[in-house]
Structures are given as C-alpha cells and as structure tokens.
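K.L.:
Got a structure for you, written out below as structure tokens; questions coming shortly.
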Amino acid sequence: MHQTTERNIGQAELFGHPKGLTVLFATEMWERFSYYGMASLLVLYLVKYLLLPGQVEAVIGFGAVKGALESIFGPLGPQPLASQIFGFYAGFAYLLPVFGGYLADRFFGQRAMAIIGALLMAAGHFLMAVEAMLFVALGLLVIGMGAFKPNVSTQVGSLYAPSDPRRVPAYSIYYVGINIGALLAPLVAGTLGGEAGWHYGFAAAGVGMLISLSIYLAGLRHLPPDERRPLQEPRPATQSLDKRERLLIGGLLAVFLLTGLFWASYEQQSNTVMLWAEDFTDRYIDLGLWRGQFPTSWFLALNPLMIFLLTPLLIKFWDRQARLGTGGISTITKLALGFFLVGLAYLLMAGAAFTLDTGDKASPLWLIGYVVILTLGELHVGPVGLALVSAMAPARVLSLMMGLWLAASFPGEVLGGWLGGFWSSMEKTNFFLMIAAVAATGGAIMLALRTKLRSVLDAETRPTE
C-alpha cells in the first residue's frame, strides 16, 4: 500500500480532516491573493499605462519581446499585445509546474520546491512595482509558480489514504479555502492598483506571497513527509509502470489536452472581460453618502464569492445523485458539463453585447449572470480535475502528473491570449460567440470520448506501488 495510508493513521485532525489541510489551503489562499491581485491589474496596467508611447520605451527587453510575438502573430497594437503578454504569462505559469513536479519527485522533495517557489514569486511581485523590470518580474513569477503550485496541491492528496472517502471533499474544501484569497485580491490589490497607483497593487501582491510562505513554514509539522525518488536510487524491475498504470496516464493526458479549450475560454474573464467591464459596463453607484464608479477589478471578486455560495449546493447535488443508486454523475460527464456551462456564460455576454446601443454602457447584471454560470462551469472542472489526478495518477509520478494537469493550461492560455487579440478588431457580439464556440467544442469532444475515458478513469482508487 502507498505511504499515504500509513501517514494518515494517527494524524491530528481538525473538523474531521487532517490539520495539514488547513495549513495548505491557507498557504494557497495567500498565493491566490498574490496571483489574482496581479491578474486583476495586469491587462489594464498594460493597455491603459505601460504599453503607451512615453512609458513602454523604458521596459527592458520590450523590443525583443514585441518582435518575437509579432514574428508569430503579425503586427500588434497595445491591446492585442497586452492580451498576448497575459496569455503567455498565464500559460507559462501553468506549464512550468510540470518541471517543478519532476524536480520534487526526483531531487528536492515537495517542501523545498514549494519554499523556493514562494520566494521567487514574492520577488517577482515586488519587481512589478519597477516599470523597467516588467519581463524580469514576469519571469520570476512563472518560475516561482512552477515550483510552488504542483507541490502544494500534491500534499493535499498525500494527507489521505488512496481509498479515503474524504479525499474528494478535501479538494473541494481546499478549492473553497484558496478562493478567499481570490476574493480579497481584487478588493485589496486591485483597488490599491486602480486608485492609489499601479505599483501599490503589485506590492500588495508581494506582501500576500510573503504571508503565504510564513504560514507554510509555520505549519510544516502538520504536513506529510516528502515523496522523493532520486535518480541514483536503484529501482527493481517491478517498479516499471504496468499496463493499467499506462492506461491511466494515457486517459489523464487525453483529459489534460481537452482542458486547454476550457482554459482558453474561461481565462478571458481576466483578459478581455476586464476590458468589457472597464469600457462597456455601467460602474456608477449611488450609496447616498458616496457616489461614483467602483473599480473595474471588483468584478473579479464575484467569481470566488460565487464559489463560496455554489460549492456546498453543488456537493449536495452530487451526493444526492450518488445516493439514487445510479452511481451519480461520472467524472467525465462533470468535466463535459463544465465546458458547456462556460460556453453558456459567453453566450450570455454575446447577448449583452447584442442589446447594447452604440455609446451606451451595459448593466452590471449581465456580468453578474456571466460570473454565476462561469463559476458553475469552473466547479465542474477545477476541483474535479484535481481530485481525478490525485486519485488516478500512479503514486511514483503523482507530482509529475499534477504538474501536467497544471501544464495543460499552457496551450489554452496561449490560445486564449491569441483569441483575446481580436477584441479590438471584432464586433463584441461575434467575439463572445467565438469564445462560446471554443468552450462548446471542447465539451462536445469530451462527450464523444466519454465511453472510452470512463472505462479507464472512473475507478474508486488509484493504483498502488
């Protein structure tokens, strides 16, 4: 039996779960604060300030980066260039975890890699406050996330035995917990960046990352020991992957590939939808004692708020379906439904754009409805995918597979950045219809492969060593 069975015995618990779960979701909560604080500002910062003439010339390496992107995508104005930069930043932030997971599995262990990653990310956020260091800062951030993300997520699963029924609920609890950071980020870092100055918002994100590191270091005693297998350690022949394990890895990789279409659509909320909120949404409010426009970044707080509200309802619904005796909704069906829900969210935005007269601004209710539907889609993919990898991946490559799950976002984020580049040149109705079609295509393919994937992945326990 895998090591997690033994380490689960006698572990200190809090509210029915190991105390390590609290440490890890608090750690990730503040990392998400830093990430979404950055995400709430980056596109607006680039479009409205840094990429404008008179500012952009000071950025180290700007000419080389712009030239490289234009050699692939053609001439890029400030908005398409900002979307491309955001897409590659987010894409590399989720690609590099595959290397972070590999290094943890083979050399350094999950703990050391998480600590290194947190330090690099904190440095990157603080450097964002220096305009000339934009690309240096983004480089440190993506390398840091590559070291941090897979190894914190992996430790959640390592708190539980392979067959422990608390594993899937633990990932849902973890997912809700970390979204506290995502809720606070646009309200704190986003507001500071938009009202006090861009650099204050980026510095706030850096402080959040230092808090994350402090929590992780303080709670190390509650976390599982590293799972590390050095290359120089001799491995018996029986340690090679068997047929069942290879099938599981193949099935997971097929799911990973499809989720790229999901993330290309979903991540428009931090890219072009932020521009919609800034330029096409009525943000004026009258509270009696205070009248004025609220910051655009506040819209990003709606998504984590909806996660808090909708996750318990969704878990109850899934539990009810499972108790009906049919086995509940399969993992693959949940994933496909997530794609279709995201497509529906962008259909709603297409409706908002279609009904908007020239020069008018749309009601914020359109964005609220969009976020509700988008969040339902996310909850059918994000925590479900994490639990799927934790349960199904062969234990000896668990961190690597968790890294690959995150890396699957890379082609999606790059695709999303490229699609976002059409924002300034397309009618907004057509733009949102295009994004909806991308998400729906992924869901249709997932459903078409459902029978094959279910036969491989819908098992109750992951293979043991």
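The values are calculated or read from the model by the stated rules, or taken from the named source; none is laboratory data. Source: prediction; values computed, not measured. All Cβ positions, glycine included, derive from the backbone under ideal geometry; neighbour counts span all protein chains shown.
K.L.:
Please indicate, with yes or no, whether at least one residue in region 60-78 is in a loop (DSSP other than H, G, I, E, B), modelled with pLDDT of 90 or more and either hydroxyl-bearing (Ser, Thr, Tyr) or buried (at least 18 other Cβ atoms within 10 Å of the Cβ) (or both).
P.N.:
Within region 60-78, not a single residue is in a loop (DSSP other than H, G, I, E, B), modelled with pLDDT of 90 or more and either hydroxyl-bearing (Ser, Thr, Tyr) or buried (at least 18 other Cβ atoms within 10 Å of the Cβ) (or both).
K.L.:
Which residues, taken from region 344-366, are outside any loop (DSSP other than H, G, I, E, B) and surrounded by fewer than 24 Cβ atoms within 10 Å (Cβ to Cβ)?
P.N.:
Residues satisfying the conditions are Leu344, Leu347, Leu348, Ala350, Gly351, Ala352, Ala353, Phe354, Ala362, Pro364, Leu365, Trp366.
K.L.:
Hey, can you tell me all the residues within region 97-121 that are within 17 Å of Tyr35 (Cα to Cα) and either acidic (Asp, Glu) or crowded, with 24+ Cβ neighbours inside 10 Å (or both)?
P.N.:
Answer for region 97-121, where residues must be within 17 Å of Tyr35 (Cα to Cα) and either acidic (Asp, Glu) or crowded, with 24+ Cβ neighbours inside 10 Å (or both): Pro97, Ala114, Gly117, Ala118, Met121.
K.L.:
Would you confirm whether any residue within region 135-155 is in a helix (DSSP H, G or I), at pLDDT 85 or above, of a type outside the set (Phe, Trp, Tyr) and touching a His at 6+ places or on another chain (Cβ under 8 Å)?
P.N.:
For region 135-155, residues in a helix (DSSP H, G or I), at pLDDT 85 or above, of a type outside the set (Phe, Trp, Tyr) and touching a His at 6+ places or on another chain (Cβ under 8 Å): present.
K.L.:
Checking the condition over 26 Å from Gln110 (Cα atoms), aliphatic (A, V, I, L, M) and touching a Gly at 6+ places or on another chain (Cβ under 8 Å), which residue from Ala448, Ala436, Ala444, Ala408 passes?
P.N.:
Unique residue meeting the criteria: Ala436.
K.L.:
Can you name the number of the only condition in (1) under 25 Å from Leu46 (Cβ atoms); (2) part of a loop (DSSP other than H, G, I, E, B); (3) not β-branched (Val, Ile, Thr) that Phe431 fails?
P.N.:
Only one criterion is unmet by Phe431, namely (2).
K.L.:
Also, I was wondering about something else. I'd like to verify a number: residues in region 44-59 that are without any contact (Cβ under 8 Å) to a residue 24 or more places away in the chain and not in a helix (DSSP H, G or I), how many?
P.N.:
Matching residues across region 44-59 total 2.
K.L.:
Condition check: at pLDDT below 90, buried (at least 17 other Cβ atoms within 10 Å of the Cβ) and over 24 Å from Leu406 (Cα atoms). Does Ala129 satisfy that?
P.N.:
So Ala129 fits the description; yes.
K.L.:
Oh, and also: Residues Gly101, Gly109: which one is part of a helix (DSSP H, G or I) and in contact with a Pro (Cβ under 6 Å, 6 or more places away or on another chain)?
P.N.:
Gly101
K.L.:
Under 7 Å between Cβ atoms, which residue pairs at least 6 apart in sequence (or on different chains) link something in region 340-352 that is over 9 Å from Tyr370 (Cβ atoms) with a partner that is hydroxyl-bearing (Ser, Thr, Tyr) and surrounded by fewer than 24 Cβ atoms within 10 Å (Cβ to Cβ)?
P.N.:
Ala350/Thr429
Residues checked against (1) outside any helix (DSSP H, G or I); (2) polar (S, T, N, Q); (3) surrounded by 23 or more Cβ atoms within 10 Å (Cβ to Cβ):
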site	(1), (2), (3)
Ile368	no, no, no
Ile373	no, no, no
Ala387	no, no, no
Met401	no, no, yes
Leu406	no, no, yes
Leu419	no, no, no
Phe422	yes, no, no
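K.L.:
Which one of these is crowded, with 18+ Cβ neighbours inside 10 Å, of a type in the set (A, V, I, L, M) and either modelled with pLDDT of 85 or more or within 24 Å of Gly382 (Cβ to Cβ) (or both): Ala218, Ala196, Ala185?
P.N.:
On inspection, the qualifying residue turns out to be Ala185.
K.L.:
Exactly one of these conditions fails for Leu217: (1) closer than 30 Å to Arg396 by Cβ; (2) touching a helix residue (DSSP H, G or I) at 6+ places or on another chain (Cβ under 6 Å); (3) of a type outside the set (Lys, Arg); (4) assigned to a helix (DSSP H, G or I). Give me its number.
P.N.:
Only one criterion is unmet by Leu217, namely (2).
K.L.:
Considering region 58-88 alone, what residues qualify as being among the polar types (S, T, N, Q) and under 26 Å from the mean Cα position of the chain (by Cα)?
P.N.:
Gln79, Ser83, Gln84
K.L.:
State which residue is nearest to Ala170 (Cα to Cα) when the search covers only region 298-325 and only residues that are at pLDDT below 85 and polar (S, T, N, Q).
P.N.:
Across region 298-325, the extreme among qualifying residues is Thr311.
K.L.:
Select, from Lys452, Lys428, the only residue that is more than 22 Å from the chain's Cα centre (by Cα), of a type outside the set (S, T, N, Q), over 13 Å from Thr259 (Cα atoms) and buried (at least 18 other Cβ atoms within 10 Å of the Cβ).
P.N.:
Criteria check complete, one pass: Lys428.
K.L.:
Among the residues that make up region 343-357, is at least one of them in contact with a helix residue (DSSP H, G or I) (Cβ under 7 Å, 6 or more places away or on another chain), among the charged types (D, E, K, R) and at pLDDT below 95?
P.N.:
no
K.L.:
Among the residues of region 181-199, how many are free of Cβ contacts under 8 Å to residues at least 40 places away in the same chain and either assigned to a helix (DSSP H, G or I) or among the hydroxyl-bearing types (Ser, Thr, Tyr) (or both)?
P.N.:
The number of residues fulfilling the criteria is 2.
K.L.:
Any idea which residue in region 79-96 is surrounded by the fewest Cβ atoms within 10 Å (Cβ to Cβ), counting only those that are modelled with pLDDT of 90 or more and small (Gly, Ala, Ser)?
P.N.:
Gly87
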